[in-house]
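Peer 1: I have a structure here, written as structure tokens, and I will follow up with some questions on it.
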Amino acid sequence: MSNNKISNWLIFKRLGQFVKPYKCIFIIGIICLSFVGTLMPSIITMVKPVMDIIFASSEVIVIPFLKYEIPRDAAVNFLALAIISLALLKGVFDFFSKYLMAYIGQHVTMDIRNRLFGHLVYQSLEYYSNNPTGQILSRITNDVKYLENSIVKIPARFVRDGLMLIILLGMIIFFNPKWALMTILGFLLIILPLVLFSKMLRNLGRKGQQRMADIYDFLSEKISGVRLVKSFSMEKEEQKEMEKANKRFISLVLKSEKIDAFQGAFIEFLAISGVALAIVTIGGAVIRDSVTPGDFFLLLGYIVALYTPAKNFAGLNQELQKSLAAAERIFEILDEKSPLVERSNLKILKDFNQSLEFRDVSYRYGDGDLVLKNININVPHGSIAAVVGPSGAGKSTLINLVPRFFDPVSGFIAIDGKDIREYTVRSLRKKIAMVMQDVILFNMSVKDNICYGLGEFSDDEVRKYAEAAYADMFIKQLPDGYDTIVGEKGVKLSGGQKQRISIARALIKDPEILILDEATSHLDTESEKLVQDALDLLMKNRTTLVIAHRLSTVRNADKIIVLEDGKVREEGRHEELLAIPGLYRRMFEMQSI
Ligand SMILES: Nc1ncnc2c1ncn2[C@@H]1O[C@H](COP(=O)(O)OP(=O)(O)OP(=O)(O)O)[C@@H](O)[C@H]1O
Ligand SMILES: [Mg+2]
């Protein structure tokens, strides 16, 4: 419990850090809110003199303190003008307080969204294998939205409604302590069930958030995997799943709507009964002549005016809990440390002259078994090392360690004898280009995809590299040539076309180290030949680590590493490995390299 309190306090402090850049606007907003909080009761207070004048028996009114006499109708006009002025002033402060708080709410949530994205793009790939996209999206959109709501509402409720409450109650106490006590008791009677209801609503709200996140999750998975859905004709079933998820969500929402509607009607009923009771009590006093009609309307005005701030104030806790829960979920992402920790004083990787080595490298995903066990590989500068082995042997894991998508759990990877962790990740990745099995393209033009992350290139340069990658010929035939938008993940292109774009990208990058996950499965003979030619050109004069499926690559490799079950089983040139009766020979005979 006490832990909980400390952490709530910490959450507040951290939220405060986000509001800090807008400190001045925040203070002005709070000042405006406090004016609204004070002006509202002042306007109601004006009712009393108006009523007293209207019901006065003499035709002239003596202004208190000044002892100056003015006619009754002039006094009423003057007071009406004063009420209009106060209302105008309140309107102005209301406008500024609302706009400024919304300004802060929008800016703070924008900063949080930016921070979240900034943090997420740096997260390791492992993070993404453990956290479904939909859940992450729901936090960036839903939870941040909640937070914005609260950032705007909480100070308003606390300052504006709090002030109104204090002033209105103070006024009633000033008039008649007994009535004040009755009012407070009456309000407690209304507020207490409100608090109970709000607890129920909060719980439902939290569950609703989770169910919405599940819907996001479902949507993002099924829409991005729509091919699979279609190929198994699962449209109907998935539609049913979606309906089920939606029903689960909506049943919760309706439950809370029911409570909300009931609470509204119930409270309204209590409030009106309370006002009727007040009319009877205070009206009786008017009849007994112990209270003027002005006082009657004033007190009634105070009591009616108390309702909204009292209700808002009672809901403050609910709002607070909601925003704390949302903030907690957001900070959970921000606190997720990237397992890739950069030490301080890192060097920039400039030269690479001798070798790329794996030294006793082991790796496991999470708490699983080791998928790489004491790997030792030496790839001399300028040579081609081919990695072959059965599916699940650990080949992709192995090559992903070089650009530090993951770090080994023991051992290290060295460039020219030095641990790559001694260099900045940026300078390391600058030296590496990867062409992977599943090419990732963004929904932008072919040209922008080729140049992604590499700076500005002229159209001629891009064309030159695309030609070298055997890509120019198909790009030219696309509807808008190099400006054709390729669709999300490049859906408008074929597998071989995507690969050739990614080869063009690697050629432009002109990396010293090339990492390839060759894939031939989805290429026909002709495009395989094109991709192969492009790759051969790409590999020239570079240090290449390639997961090889193509015979030509395997034959030309300076070294073949046969990986099985996370271990290096055999190592040597094609002819050398064929000479021994081992896994390589078996694989070669079955042509499943
Ligand atoms: N993100 C992950 N989380 C947990 N385990 C993983 C993850 N990725 C891969 N693995 C496991 O690690 C092992 C090696 O996988 P890896 O992808 O490196 O194999 P591979 O040799 O590239 O296979 P393939 O030839 O089929 O591509 C497999 O047993 C796999 O189940
Ligand atoms: Mg693989």
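Peer 1: Please give the FRET efficiency for Ile70 paired with Phe269, using the beta carbon to beta carbon distance and R0 = 60 Å, rounded to the nearest 0.05.
Peer 2: 0.85
Peer 1: Something else: Using 0.36 nm per residue of separation minus the Cα-Cα distance, give me the extension gain between Leu219 and Lys145 in nm, one decimal.
Peer 2: The Leu219-Lys145 span can extend by a further 24.7 nm.
Peer 1: A further question follows. Given a 1.4 Å probe, how much area per residue of segment 140-252 is accessible, in Å²?
Peer 2: Ligands and nucleic acids excluded, the figure is 60 Å² per residue.
Peer 1: Once you charge only the Cβ atoms, +1 for Lys and Arg and -1 for Asp and Glu, what is the size of the charge dipole of segment 201-345 about its Cα centre, to the nearest 20 debye?
Peer 2: Using Cβ point charges on Lys, Arg, Asp and Glu, segment 201-345 gives about 420 debye.
Peer 1: Measure nothing but the geometry: give the 0 to 90° angle between the long axis through the Cα atoms of 177-224 and the longest principal axis through the Cα atoms of the chain, rounded to 10°.
Peer 2: 20 degrees
Peer 1: Stokes-Einstein at 10 °C, 1.306 mPa s, Kirkwood radius from Cα pairs: D for segment 109-167 in µm² s⁻¹?
Peer 2: 117 µm²/s
Peer 1: Would you mind telling me the antiparallel percentage of the DSSP bridges in the chain, rounded to 5?
Peer 2: If I count the DSSP bridges inside the chain, around 55 percent turn out antiparallel.
Peer 1: At a 1.4 Å probe radius, carbon and sulfur cover how many percent of the accessible area of the chain?
Peer 2: Its accessible area is 60 percent carbon and sulfur atoms.
Peer 1: Still on this structure: Beta carbons within 10 angstrom, averaged per residue: use that to sort the peptides 471-478, 504-511, 572-579, 235-242, highest first.
Peer 2: Going by the mean number of other Cβ atoms within 10 Å, highest first, we get 504-511, 471-478, 572-579, 235-242.
Peer 1: Farthest toward the dipole's positive end in the chain, which of Thr183, Ile267, Gln209, given Cβ charges of +1 (Lys, Arg) and -1 (Asp, Glu) about the Cα centre?
Peer 2: Of the listed residues, the answer is Thr183.
Peer 1: Same structure, new question: Roughly what would the spin-label model give for Lys255 and Ile31, points 7 Å off Cα along C-beta, in nm?
Peer 2: Taking the two extended label points, one gets 4.7 nm.
Peer 1: With r defined as the distance between the Cβ atoms of Leu228 and Met200 and R0 fixed at 45 Å, what FRET efficiency is calculated, to the nearest 0.05?
Peer 2: Plugging the Cβ-Cβ distance into 1/(1 + (r/R0)^6) gives 0.65.
Peer 1: Another question about this same structure. Send over the per residue convex hull volume for segment 1-134, Cα only, as a whole number of Å³.
Peer 2: Spread over its residues, the Cα hull of segment 1-134 gives 205 Å³ apiece.
Peer 1: So what's the net charge close to Gly225: Lys and Arg +1, Asp and Glu -1, counting the other residues with Cβ under 15 Å from its Cβ?
Peer 2: For residues surrounding Gly225, the net value is -4.
Peer 1: Just need log10 I(q)/I(0) for segment 296-414 at q = 0.10 Å⁻¹, Debye formula, equal scatterers on the alpha-carbon atoms, no solvent, rounded to two decimals.
Peer 2: -0.55
Peer 1: Could you go through segment 272-286 in sequence order and give the Karplus-derived ³J(HN,Hα) for each residue, using 6.51 cos²θ - 1.76 cosθ + 1.60 with θ = phi - 60°, rounded to whole Hz, and x for Gly and Pro?
Peer 2: 3J(HN,Hα) across segment 272-286, in whole Hz: 5, 4, x, 5, 4, 4, 5, 4, 4, 5, 6, x, x, 5, 5.
Peer 1: Could I ask something else about it? Among Lys498/Lys567; Lys222/Lys337; Lys98/Lys207; Lys244/Lys489; Lys145/Lys258; Lys207/Lys240, which pairs are too far apart, with a Cα-Cα distance over 27 Å?
Peer 2: Violating the 27 Å limit, Cα to Cα: Lys498/Lys567; Lys222/Lys337; Lys98/Lys207; Lys244/Lys489.
Peer 1: What's the whole-number percent of alpha carbon pairs in the chain lying beyond 36 angstrom?
Peer 2: Tail of the P(r) past 36 Å holds 58 percent of the pairs.
Peer 1: While we're here: Tell me, how many Å apart are the Cα centres for segment 557-577 and for segment 440-479?
Peer 2: Here the answer is 35 Å between Cα centres.
Peer 1: Any idea what angle helix 2-19 forms with the longest principal axis of the chain, computed on alpha-carbon atoms, 0 to 90 degrees, nearest 10?
Peer 2: It is inclined by approximately 90 degrees.
Peer 1: Short version: what are the Cα gyration tensor semi-axes of segment 451-593, square root of 5 times each eigenvalue, largest first, in whole Å?
Peer 2: Result for segment 451-593: semi-axes of 33, 16, 12 Å.
The values are calculated or read from the model by the stated rules, or taken from the named source; none is laboratory data. In this text the structure is predicted, and so the values were computed from the model without any measurement. Cβ coordinates were reconstructed from backbone atoms using ideal geometry, including for glycine residues, and neighbour counts include every protein chain displayed. These area figures cover heavy atoms from the full protein model, side chains too; ligands, DNA and RNA do not enter into them. Shrake-Rupley method; radii C 1.70, N 1.55, O 1.52, S 1.80 Å.
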